[in-house]
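The values are calculated or read from the model by the stated rules, or taken from the named source; none is laboratory data. This is a predicted model, so every value here is computed, not measured. Glycine gets a Cβ as well: all are built from the backbone with ideal geometry, and neighbour counts include every protein chain shown.
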Amino acid sequence: MRDALGRSSVANRHNFLISLPDTLPQIVLAEALRGRDAVSLGSSFGVASSPVVLRPGQMLLPGFVDAHVHAPQFPNAGLGYDKTLLDWLQTYTFPLEARYVDQDFAARVYEAVVRRCLSAGTTLACYFATIHPESSLQLARSVVRAGQRALIGKVNMNVNNPADYNETTEQSVNDTISFVDRLQQLQSPLVQAVVTPRFAISCDMDLMKKLADLARSRNLHIQTHISENMGEIEAVRGLYQQCANYAEVYDRAGLLTSKTVLAHGVHLLEDELRVLAERGTSVAHCPTSNTCLRSGLCDVRRLLDAGVTVGLGTDVSGGPSPSILDAIRAALDTSIHVSFSKKNYKPLNYQEVFYLATMGGAKALAMDNIVGNFAVGKEFDALLVSVPDPDLHIETLDSLQQLQKFLYCGSERNIKEVYVQGRSVKKAF
Ligand code: GUN
Ligand code: FE
């Protein structure tokens, strides 16, 4: 049964809920039903006033978590990959983001962005907005209307930015406080604020320290970028010569907490990984972006071995696709490419990357007590996925083969329903 928050209390007592090997969240499959027509999940998950019918070839997966995505950059998705990070930001990204001073423009784009993400199966997204507090609230309103779960950040930028896309320190802090307050006034249990210094080039130490204080005093999530591109790392070295490395800049500011997620981390050093592991700070792996902006190959196995929690991010528009399925495939490709230059290297397999896309993301966002799998007591964020292909399947597929098919061959078309907190949100798209 489901309580008022959509928490399932009986999920794992059902014989068709299959607990898979340690690294894999549970998935619900029609496997136990073979030989029967279908089964209603309506009563067990409370997901529907009209019961959910799980047929052979269908499964319920935990919803995808996009641990790093820039909502205002969607109009640029697929464009501008002739440049690498710092030139790309100046040429394509900052001019587009500056346009969100116009709230009508923001409202129109953000409504479409949230629909696109939900239809791709992202039940929990960690969004960057822009520096504009009013427009950032428009994103929050779209998220609440559509019924998505999200962390939303008004971006902070006070140095080294274009004149028309910059804030003073005072403005940046005050606008962030008022953004957090107004987001909380929306009183949606699905939406939370995330403190969002863009990166160490766009913010000075004074601002970063003030933002870290704010996050600490109000127990807020934090997100930023780290060690994505070699030119960026060089620039940070020049700006913060008293710090031994990039992670130390954020650590001195007080930004590395157990509720902090850092995007990319492609070129992190061993010392930096040790600090992240100690602080409980996570990394959002963004493989499509790392390729399109030619930032580098991120060795996720190395991060995991160092004890760092990793989730997956689309990083639109650094990455071209809002689909975590695409990020899953890119993460698998990247890991194999890493293995080509390392002896005895074990690339990530599809089960491990599926974990990154669900539980890994939930942990990276410090939301794993609420979502990420179907453990009893968690809220029901799920995808109803159908992979029926009777003409091409020589044998009946077992549970893991069904999952494998979906991850390698599936698309949005295979996602028949999307649930957030037990509520179908498919009508939003
Ligand atoms: N570093 C700072 N800002 C950005 C951004 O918007 N996208 C990416 N990929 N990296 C960044
Ligand atoms: Fe990014």
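Check the stretch 345-363 and report whether any residue there is of a type in the set (Lys, Arg) and surrounded by 22 or more Cβ atoms within 10 Å (Cβ to Cβ). Yes - at least one qualifying residue is present in the stretch 345-363. Only strands (runs of 3 or more DSSP E) whose full extent lies in the stretch 121-215 are considered here, and the ones with at least 2 residues that are under 24 Å from Gly372 (Cβ atoms) and away from ligand 2 (no atom under 16 Å from the Cβ) are 122-128, 191-197. Set side by side, the residues Asp104, Asp82 differ, and just one is out of contact with any Lys or Arg (no Cβ under 9 Å at 6 or more places or on another chain), modelled with pLDDT of 95 or more, part of a loop (DSSP other than H, G, I, E, B) and away from ligand 2 (no atom under 16 Å from the Cβ), which is Asp82. Out of the residues in the stretch 216-231 meeting the condition of being surrounded by fewer than 24 Cβ atoms within 10 Å (Cβ to Cβ) and not basic (Lys, Arg), tell me which one is nearest to ligand 1 (Cβ to nearest atom). In this case the residue turns out to be Asn229. Within the stretch 300-324, the set of residues being crowded, with 23+ Cβ neighbours inside 10 Å and away from ligand 1 (no atom under 12 Å from the Cβ) comprises Val300, Val308, Thr309, Val310, Gly311, Leu312, Pro322, Ser323, Ile324. Considering the stretch 70-87, and only residues there that are near ligand 1 (Cβ under 10 Å from one of its atoms) and aliphatic (A, V, I, L, M), the residue that is farthest from the chain's Cα centre (by Cα) turns out to be Leu86.
Criterion applied to Gln171, Gln90 was being over 23 Å from Pro62 (Cα atoms) and within 12 Å of ligand 1 (Cβ to nearest atom), and the one residue passing it is Gln90.
Quick one: in the stretch 288-318, which of the residues that are acidic (Asp, Glu) and in contact (Cβ under 8 Å) with a residue 12 or more places away in the chain is farthest from ligand 2 (Cβ to nearest atom)? Looking at residues that are acidic (Asp, Glu) and in contact (Cβ under 8 Å) with a residue 12 or more places away in the chain, I get Asp299. Each residue in the stretch 136-155 was checked for being touching a residue at least 40 places away in the same chain (Cβ under 8 Å) and either in contact with a Cys (Cβ under 6 Å, 6 or more places away or on another chain) or small (Gly, Ala, Ser) (or both), and 7 of them qualify. Selection of the stretch 326-350 for residues being among the hydroxyl-bearing types (Ser, Thr, Tyr) and part of a helix (DSSP H, G or I) yields Thr334, Ser335, Ser339, Tyr350.
The set of residues in the stretch 262-287 that are in a helix (DSSP H, G or I) and within 13 Å of ligand 2 (Cβ to nearest atom) contains only Pro287. Here Cys409 passes the criteria (1) in contact (Cβ under 8 Å) with a residue 24 or more places away in the chain; (2) surrounded by fewer than 17 Cβ atoms within 10 Å (Cβ to Cβ); (3) not small (Gly, Ala, Ser) except the one numbered (1).
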